[in-house]
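A short write-up of the structure that comes next.
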Amino acid sequence: MENPVTVEVTRGQLVESRHRGMAVVIDAEGAIVFSAGDVDSGVFPRSACKAMQALPLVESGAADAYGFGNRELALACASHSGEPEHVATAAFMLKAAGRDASVLECGAHWSSHQSVLIDQVRTLEKPTALHNNCSGKHSGFVCTCCHTGDDPRGYAGFDHPLQEAIRAIMTDLTGAVLSRDNCGTDGCSIPTYAVPLTGLARGFGKLVTGKGLEPLRAAAARRLINACMAEPFYVAGTKRFCTKLMQVAPGRIFAKTGAEGVFCALLPDKGLSFAVKAEDGATRAAEAMIAALLARHFDADSEERAALMKLAHHGMTNWNGLSVGTIRTTDVLFA
């Protein structure tokens, strides 16, 4: 099945580039209310599923034992920009468990926020694992292990008890069978599993509705989603798309990006869950797709819809500030 063109990029009066994609919207009962493309094909969620991977932190009691609030829980679900607040919060989480950055297995990289990066280059010899966009998730992993009594060493490995627990959670949520056969290694070194896009969306739906989940898991899931919506800066950062989406309608939109053109979102009050994948892995296409799909579910004359459509359809300028073209979604997403 050929995926449809969902996003076009223009230059002048012509279409310069086209992105094909898959998109699915699921209702509170788990039924598909909209789909485009081959939504049953397997995709690697990458960082889009961090809220699922953070469930052991809450379910185990570690989050409460270490006194974590919304910021820490949001960071555990984050792909943050490595800004000072993110780094400090990850360090706080590790300190609560009696650990430091030396235990993290995510690797190190500079901040993705330009002004912060410039300051880091001026003041640091090199970045640490705390600056890694996944340091909050990994700090949550370490805290979970310390609380449950598992040795945190090797926590990123396929056979570690924590990864076994995460694998079982994701199977419970997505309905997909997860094994070495559909496993890859994520950028931060933990296992990532290819699951059908429909399963990914249904899994996020369960996070917000709790349907089909044990009470402990349902409560933990809703707590994580609420924390992310309450602290969108800690999910991403300054001028980041996830943060922008959640700030459009505070407490009413959850959004999380993943590498290679994946994006997931929720409208909790409507019981709707969303998952998209840009076939070519382009972030700009996934961002436009998810914003347009979210916009469909707000009133036509609402400020929220207008703001979301502005994120879905927007102009591009060059370094001199001259208008050169647009990024826009196609009618496929409004069928």
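Checked against the criteria, Thr144 does not count as within 19 Å of the chain's Cα centre (by Cα) and of a type in the set (Val, Ile, Thr). Just one of the listed residues (Ala278, Ala292) is more than 22 Å from Ala249 (Cβ to Cβ) and touching a Ser or Thr at 6+ places or on another chain (Cβ under 9 Å), and it is Ala278. Cβ separations smaller than 7 Å between residues 6+ apart or across chains give the following pairs from region 103-120 residues that are within 11 Å of Gly82 (Cα to Cα) to residues that are open to solvent by 60 Å² or more (accessible area, probe 1.4 Å) and of a type outside the set (Lys, Arg): Leu117/Trp110; Gln120/Trp110. The number of residues in region 195-220 being surrounded by fewer than 16 Cβ atoms within 10 Å (Cβ to Cβ) and on the phi < 0 side of the Ramachandran plot comes to 5.
Applying the condition of being within 18 Å of Met289 (Cβ to Cβ), in contact with a strand residue (DSSP E or B) (Cβ under 6 Å, 6 or more places away or on another chain) and not in a strand (DSSP E or B) to region 303-330 and asking which residue is least open to solvent (accessible area, probe 1.4 Å) yields Ala312. Scanning region 139-168 for residues that are hydrophobic (A, V, I, L, M, F, W, C) and surrounded by fewer than 19 Cβ atoms within 10 Å (Cβ to Cβ), we see that the one that is nearest to Ala62 (Cα to Cα) is Ala165. Scanning region 83-138 for residues being of a type in the set (A, V, I, L, M, F, W, C), under 20 Å from Thr243 (Cβ atoms), open to solvent by 30 Å² or more (accessible area, probe 1.4 Å) and assigned to a loop (DSSP other than H, G, I, E, B) gives a total of 1. Here Val177 meets the list (1) more than 21 Å from Cys134 (Cβ to Cβ); (2) surrounded by fewer than 22 Cβ atoms within 10 Å (Cβ to Cβ); (3) touching a Cys at 6+ places or on another chain (Cβ under 9 Å) almost entirely, failing just condition (3). Screening region 8-74 for helices (runs of 4 or more DSSP H) wholly inside it with 2 or more residues that are over 21 Å from the mean Cα position of the chain (by Cα) returns the ranges 62-65. Only residues that are open to solvent by less than 10 Å² (accessible area, probe 1.4 Å) and basic (Lys, Arg): list them for region 234-288, please. Hit for region 234-288 is Lys256, nothing else. As for region 58-65, it holds no residue that is charged (D, E, K, R), in contact with a helix residue (DSSP H, G or I) (Cβ under 6 Å, 6 or more places away or on another chain) and open to solvent by less than 10 Å² (accessible area, probe 1.4 Å). Restricting region 235-268 to residues that are of a type outside the set (A, V, I, L, M) and within 22 Å of Ile166 (Cα to Cα), the residue that is farthest from the chain's Cα centre (by Cα) is Glu260. Pairs are defined by a Cβ separation below 7 Å, a sequence spacing of at least 6 or placement on different chains, a first member in region 254-283 that is in a strand (DSSP E or B), and a second member that is of a type in the set (S, T, N, Q); the pairs so defined are Thr257/Ser47; Thr257/Ser79; Gly258/Ser47; Phe263/Thr257; Leu266/Ser273.
Which one of these does Ser189 not meet: (1) open to solvent by 30 Å² or more (accessible area, probe 1.4 Å); (2) touching a Ser or Thr at 6+ places or on another chain (Cβ under 9 Å); (3) farther than 21 Å from Ala292 by Cβ; (4) not basic (Lys, Arg)? All conditions are met except number (2).
The values are calculated or read from the model by the stated rules, or taken from the named source; none is laboratory data. All values derive from a computational prediction rather than experimental measurement. When we count neighbours, we look across all protein chains shown, and the Cβ atoms used for this are built from the backbone with ideal geometry, even at glycine. Ligands, DNA and RNA are stripped out before the accessible areas are found, and what is left, the full protein with its side chains, is counted by its heavy atoms. Shrake-Rupley method; radii C 1.70, N 1.55, O 1.52, S 1.80 Å.
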